[in-house]
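No value in this document is a laboratory result; all are computed from the given coordinates. Everything quoted here is computed from the prediction, not taken from an experiment. Heads up, the Cβs are rebuilt from the backbone with ideal geometry, glycines too, and the neighbour counts pull from every protein chain shown.
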Amino acid sequence: MTTNEDASQQQQPSPILFFATINAFHSSEVLKAAIELAVFTASDEGAATAQEIARQCETSERGMRTLCEFLVTIGFLIKTEGRYSLTRDSTVFLSKRSPAYIGGAMTFLFNPMMIEAFRNVAAAVRKGGTALDGTGSIEPENPVWVEFAHAMAPLMTMPAELIAKLLNADAAPEWKVLDIAAGHGMFGITIARHNPNAQIVALDWPNVLSVARENAERAGVADRISPLPGSAFEVDFGSDYDLVLLTNFLHHFDSQTCEKLLRKVHSALKPGGRAVTFDFVPNEDRVSPPQAATFSMIMLVTTPTGDAYPFSEFERMFRNAGFVSSELHPLPPSFENVVISRK
């Protein structure tokens with residue numbers, strides 16, 4: 001039973017959220033250090049005490065004990081009777097022994113441009129777009145996207161597989177697929193692996209396409225991946241595509257610019273063809289779920305006009321571009337969604 005005194009204490013103002021938010025960078029820097037030191041891999045290989053982990057990671061015991069205990073408090077390790085072990089998520093994503101290891105994504109997420117963009121959020125809010133010089137992350141041939149392509153490929157392997165399953169790629173006939181802003185190429189490559197009759201056209205900047213080519217060669221599908229270098233707004237797409245992939249791309253631009261591109265996509269598709277958008281899609285309230293809703297701030301500080309769009313806005317943009325229908329598909333455990341729009 002809750003007493004009036006208990007309820008009053010629960011409702012008292014507290015500065016905890018303020019300090020937790022101000023100091024949030026402590027957690028990201030500690031996680032960065034743990035990845036650099038391969039703490040999670042050491043634990044996965046059997047090191048359990050601070051002394052054992054320190055020995056394997058070549059650090060001081062005191063430093064490792066402090067690091068591990070901080071990781072326990074933020075949910076990346078478990079401590080039981082003085083011994084540390086991995087959480088399920090840490091085992092899957094942060095141990096180099098795991099095929100789903102995503103620690104390499106740190107090189108992109110801690111890219112100096114990404115950090116600098118958040119150093120003056122107030123300026124971006126005043127301006128209504130990035131305060132970085134030029135056009136931020138959408139600057140033509142920005143080398144940050146080469147880093148992105150190298151770093152994020154492992155993280156995109158799971159959603160690429162889920163999208164291939166959603167599209168029933170294994171049972172599909174011969175497909176012609178345009179992969180816009182292909183980056184690492186994993187979405188087109190995965191469709192090519194599932195559908196031996198699929199031909200993929202990968203569009204991106206020339207320096208980025210070299211990464212997609214490397215991944216395609218490793219996957220054994222390079223003979224069915226054709227590069228199309230240049231800007232999605234300028235190059236000729238060609239025609240008669242069964243699918244056009246728009247993965248993590250539309251959020252970089254305002255709705256008018258998106259509609260301009262989508263009209264071009266519509267023209268490139270054969271009758272009944274589909275545009276497949278993989279993106280952060282917040283609910284209509286724009287404040288939930290947190291991962292999708294907060295992405296709009298990343299777009300504010302890194303692009304001139306980008307945003308995270310609710311499904312109603314995607315639906316409107318595709319309808320204005322000539323598409324007859326759009327469907328929203330959650331893609332758990334990913335925190336992004338798929339919008340499939342039919343010509």
With the dipole of the stretch 108-342 worked out from charges on the C-beta (+1 for Lys and Arg, -1 for Asp and Glu) around the Cα centre, which of Val301, Trp205, Ser341 lies farthest toward the positive end?
-> Ser341
Between Thr247 and residues 5 or more places away or on another chain, which pairs have amide H atoms under 5 Å apart, with H built 1.01 Å from N, and which residues are they?
-> Ile180, Phe278
Global geometry of the stretch 5-149, whether rounded, prolate or oblate, following the gyration tensor of its Cα atoms and the 1.5 cut on a/c | oblate
Expressed in nm to one decimal, what extension gain is obtained for the pair Ile22 and Lys260 from 0.36 nm per residue of sequence separation less their Cα-Cα distance?
-> 81.7 nm
Across all directions of projection, what mean area in square nanometres is found for the Cα convex hull of the stretch 85-128?
-> 4.7 nm²
Specify which labelled value, from (1) 30.4; (2) 22.1; (3) 19.7, agrees with Kirkwood radius over Cα pairs in Å derived from the coordinates of the model shown.
-> (2)
Backbone HN-Hα couplings from phi across the stretch 206-219 [Karplus 6.51/-1.76/1.60, Hz, Gly and Pro as x] = x, 5, 7, 4, 5, 5, 4, 4, 4, 5, 5, 5, 5, 7
Among DSSP beta bridges lying fully in the chain, give the percent that are antiparallel, nearest 5.
-> 45 percent
Computed Rg/Rh for the stretch 192-343 (Cα atoms; Rh = Kirkwood radius) stands at 0.97
Taking the Cα centre of the stretch 4-94 as origin and charging only Cβ (+1 Lys, Arg; -1 Asp, Glu), how large is the dipole, in debye to the nearest 20?
-> 100 debye
Which pairs break 19 Å Cα to Cα here: Lys96/Lys165; Lys176/Lys260; Lys264/Lys343; Lys165/Lys260; Lys127/Lys260; Lys270/Lys343?
-> Lys96/Lys165; Lys176/Lys260; Lys165/Lys260; Lys127/Lys260
Whole Å is fine, so just give me how far the alpha carbon centre of the stretch 34-74 lies from that of the stretch 232-251.
-> 45 Å
Here the percent of antiparallel bridges among DSSP beta bridges lying wholly in the stretch 187-343, to the nearest 5, is 50 percent
So for R0 = 30 Å, FRET eff. of Ser60-Val121 from the Cβ-Cβ r, to 0.05, ends up at 0.25
With charges set only on the Cβ (+1 for Lys and Arg, -1 for Asp and Glu), what does the dipole of the chain come to about its Cα centre, in debye to the nearest 20?
-> 300 debye
What is the chain's relative contact order, in percent, from Cα pairs under 8 angstrom and six or more apart in sequence?
-> 12 percent
Of Leu31, Thr80, Phe19, whose Cα points farthest to the positive end of the dipole of the stretch 4-94 (charges on the beta-carbon: +1 Lys, Arg; -1 Asp, Glu; origin at the Cα centre)?
-> Leu31
